[in-house]
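Novice: Take this structure first; my questions come after.
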Amino acid sequence: MAFGTASRLWDEAARETATREVACRAGCFGCCIGLFEISLAEAALVRDGVAALPEDVRADVLSRARRIVTESVRAFPGDAERGLLDPERTEAADDAYFEVVADRACPMLELPSGRCRIYAARPITCRTYGFAWAKDGAVIHPPCGLNLPGATAGRQLQTSIDIGRVDEAMDIAEELAAELGLDPEVESTIAHAVVGSAFGPRLG
């Protein structure tokens, strides 16, 4: 499955690094600020992770997710109630929305520990962040600014995560889409995935 593949690729990239090249550690949560697109399969995994949380923790996650959804509803390029981004949205609308939520902490972030409350059910972006992303032998996204300081483009590529291998492993979206009556290509955000009506019964 894509999620396990993503985690293995991060571990493989980490083994290519030297001491002090990687700053990632428990409690480092700069990458947990700001929302981003997630796939249908990721939305389903996130919801399962939230559903399994203790009641009080789940209530806090849902409260924070609802607050983000409510505060950003006017800019959301899609159906905020259902939690679905419009597949026909413009790049400008996309950029405008994600700029609005760029300073919002992920509702899964536990503070002050800086740990993820659904770590085992986190999206692929979270599993692969930190190293450069590469596809077809070229870097398409740089590493975290705290990792590989001063690294050349070649070094970034050498320690990169091949996103193409993750794409090939994304094999469950069609089955989920059929169950939910959705297009397998739909996208959401972490906040919308847990409170949106499109992804199953309300979590609370």
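Novice: Among the residues of segment 170-179, are any in a helix (DSSP H, G or I), hydrophobic (A, V, I, L, M, F, W, C), more than 30 Å from Glu21 (Cα to Cα) and at pLDDT 95 or above?
Specialist: Start the filter on segment 170-179 by keeping residues that are in a helix (DSSP H, G or I), which leaves 173-179.
Restricting the remaining residues to those that are hydrophobic (A, V, I, L, M, F, W, C) gives 173, 176-178.
Going one step further and asking which of them are more than 30 Å from Glu21 (Cα to Cα), we end up with 173, 176-178.
Checking which are at pLDDT 95 or above leaves us with none.
Within segment 170-179 (the criterion being in a helix (DSSP H, G or I), hydrophobic (A, V, I, L, M, F, W, C), more than 30 Å from Glu21 (Cα to Cα) and at pLDDT 95 or above), the answer is no, since none of the residues qualifies.
Novice: Arg8 is checked against (1) free of Cβ contacts under 8 Å to residues at least 12 places away in the same chain; (2) farther than 29 Å from Ala177 by Cβ; (3) not aromatic (Phe, Trp, Tyr) and fails just one. What number does that condition carry?
Specialist: The one condition Arg8 does not meet is (2).
Novice: Separate question: Which residues, counting only those in segment 65-106, are over 18 Å from Cys32 (Cα atoms), of a type outside the set (Gly, Ala, Ser) and surrounded by 20 or more Cβ atoms within 10 Å (Cβ to Cβ)?
Specialist: Of everything in segment 65-106, those that are over 18 Å from Cys32 (Cα atoms), of a type outside the set (Gly, Ala, Ser) and surrounded by 20 or more Cβ atoms within 10 Å (Cβ to Cβ) turn out to be Phe76, Leu84, Leu85.
Novice: What are the residues in segment 107-138 that are buried (at least 16 other Cβ atoms within 10 Å of the Cβ) and either among the aromatic types (Phe, Trp, Tyr) or more than 24 Å from Val195 (Cα to Cα) (or both), if any?
Specialist: Matches in segment 107-138: Thr128, Tyr129, Gly130, Phe131, Ala132, Trp133, Ala134, Lys135.
Novice: If I go through segment 1-24 residue by residue, how many of them are within 20 Å of Val166 (Cα to Cα) and either of a type in the set (D, E, K, R) or in a loop (DSSP other than H, G, I, E, B) (or both)? Write out each step before concluding.
Specialist: In the first step, residues of segment 1-24 are kept if they are within 20 Å of Val166 (Cα to Cα); the result is 1-16.
After this cut, where a residue has to be either of a type in the set (D, E, K, R) or in a loop (DSSP other than H, G, I, E, B) (or both) as well, the list is 1, 8, 11-12, 15-16.
Selection size over segment 1-24: 6.
Novice: So which helices (runs of 4 or more DSSP H) stay within segment 25-116 end to end and still have 1 or more residues that are within 16 Å of Ala191 (Cβ to Cβ) and in contact with a helix residue (DSSP H, G or I) (Cβ under 6 Å, 6 or more places away or on another chain)?
Specialist: Values: elements: 40-51, 55-71, 91-100.
Because the criterion is at least 1 residues that are within 16 Å of Ala191 (Cβ to Cβ) and in contact with a helix residue (DSSP H, G or I) (Cβ under 6 Å, 6 or more places away or on another chain), the helices (runs of 4 or more DSSP H) in segment 25-116 that meet it are 40-51, 55-71.
Novice: Mind checking which residues of segment 107-127 are hydroxyl-bearing (Ser, Thr, Tyr) and farther than 18 Å from Glu37 by Cβ? I'd like the intermediate steps shown before the answer.
Specialist: To start, the set of residues in segment 107-127 that are hydroxyl-bearing (Ser, Thr, Tyr) comprises 113, 119, 125.
Within segment 107-127, Ser113, Tyr119 qualify.
Novice: For segment 11-27, which residues satisfy the criterion of being exposed (fewer than 14 other Cβ atoms within 10 Å of the Cβ), in contact (Cβ under 8 Å) with a residue 60 or more places away in the chain and over 13 Å from Thr159 (Cα atoms)? First the steps, then the outcome.
Specialist: Filtering segment 11-27 down to residues exposed (fewer than 14 other Cβ atoms within 10 Å of the Cβ) leaves 11, 15-16, 18-20, 25-27.
This time we only want the ones that are in contact (Cβ under 8 Å) with a residue 60 or more places away in the chain, so: 16, 26-27.
Ala26, Gly27 - these are the residues of segment 11-27 that are exposed (fewer than 14 other Cβ atoms within 10 Å of the Cβ), in contact (Cβ under 8 Å) with a residue 60 or more places away in the chain and over 13 Å from Thr159 (Cα atoms).
The values are calculated or read from the model by the stated rules, or taken from the named source; none is laboratory data. Quick caveat: nothing in here was measured; it's all calculated off a predicted structure. All Cβ positions, even for glycine, are placed from backbone atoms using ideal geometry, and neighbour counts span all protein chains on display.
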